[in-house]
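Comments concern the structure below.
The values are calculated or read from the model by the stated rules, or taken from the named source; none is laboratory data. Keep in mind it's a predicted model, so treat the numbers as computed, not measured. All Cβ positions, glycine included, derive from the backbone under ideal geometry; neighbour counts span all protein chains shown. Side chains included, ligands, DNA and RNA excluded: accessible areas come from the protein's heavy atoms. Shrake-Rupley method; radii C 1.70, N 1.55, O 1.52, S 1.80 Å.
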Amino acid sequence: MSNRMVCREASHAGSWYTASGSQLNAQLEGWLSQAQSTAGPARAIIAPHAGYTYCGACAAHAYKQVDPSITRRVFILGPSHHVPLSRCALSPAEVYRTPLYDLRIDQKVYADLWKTGIHKDEFSIVPVLVGALSESKEQEYGKLLSKYLADPSNLFIISSDFCHWGQRFRYTYYDESQGEIYRSIEHLDKMVNLFLSPFPSANSLNLDPISFSNYLKKYHNTICGRHPIGVLLNAVAELKKNGVDMNFSFLNYAQSSQCRNWSDSSVSYAAGALVVH
């Protein structure tokens, strides 16, 4: 029997980001140097996952809130773009390769998650592929993961872009009162903040999964990581029952291009951080 380690290769290296470790490190350092540490240390972040040329500068505002000195395990919750799923899935790999260094999957946590039915010192990672979950499933997985969110040595990365606008995405919501199309898109994305805040403001979030769900039902915004976000919000709701005080702030917003015509298209990016007090 072979003891060969199962590795997931960096499939997008050389296309969505450079395959050169030194060049990638320089790019990341450059973007991070332009961001401010204002909300940290973060227990969870929301960050985009497009090509780094498009979203790297925006994402840096979220990752800047992370304190590497206390982070020992990173949970990565991302949407399933290519495989139909109604549950969550774990990776068969043991190691994720990157141009910088290999990332080891935390097999102990994976074993614990397997027992619950989710179908895994330097830090380890726990990648979880989140399917098209029902609200009850988002609540179920949020409750399951809440004990890990409560641990200060864990970091949750919620991988998500925001509005995918244009005919190629089959989504062309437009509020003409906002002016240009790209301004309508920005207003739509930033309504996430207002719908989830008991005191509407520019960047506050009261972390209510029901309000977020109602917002999606009303506007059908094409936020690809809406289910990972829903899982996080339900994990937060579980901790709030026990009196844990948290707040979330959106720190940066960007669009891949500014849509002005119906033939245009764009993807929105948002960076934010959850802080536990």
Practice prompt. Hey, can you grab everything whose amide H is under 5 Å from the amide H of VAL66? Only 5+ residues off in sequence or another chain; H modelled, so Pro and N-termini drop out.
Written response: ALA42
Practice prompt. Amide H neighbours of SER80 under 5 Å, at least 5 residues apart or on other chains, H built in the peptide plane: list them.
Written response: VAL130
Discussion item. Cα atoms only: what Rg and Dmax, in Å, come out for segment 133-277?
Written reply: 15.8, 49
Discussion item. Per 0.36 nm of contour for each residue apart, how much would the distance between SER136 and SER153 grow if the chain were fully extended, relative to their Cα-Cα spacing?
Written reply: 3.3 nm
Worksheet item: If packing is taken as the mean number of other Cβ atoms within 10 Å per residue, what is the order of 10-22, 144-156, 227-239, highest first?
Response: 227-239, 144-156, 10-22
Worksheet item: If you line up the Cα atoms of segment 46-143 on their principal axes, what length do they span on each, largest first, in Å?
Response: 34, 32, 23
Worksheet item: So what's the convex hull volume per residue for the Cα atoms of segment 1-108, in Å³?
Response: 155 Å³
Worksheet item: How many lysine pairs does the chain hold where the Cα atoms are under 14 Å apart and the two sit 8 or more places apart or on different chains?
Response: 5
Practice prompt. Describe numerically, in nm with one decimal, the distance between label points set 7 Å from Cα along Cα→Cβ at GLU180 and at ASP264.
Written response: 0.6 nm
Worksheet item: What number, in nm² with one decimal, is the all-direction average of the projected area of the convex hull of the alpha-carbon atoms of segment 90-197?
Response: 10.5 nm²
Discussion item. Suppose the chain between CYS7 and ILE70 were pulled fully straight at 0.36 nm per residue; how much longer would it get relative to their current alpha carbon spacing?
Written reply: 20.1 nm
Practice prompt. Determine by what factor the alpha-carbon radius of gyration of the chain differs from 2.2 N^0.38 Å, reporting the quotient.
Written response: 0.99
Worksheet item: What's the carbon and sulfur percent of segment 82-188's accessible surface, probe 1.4 angstrom, rounded to a whole number?
Response: 52 percent
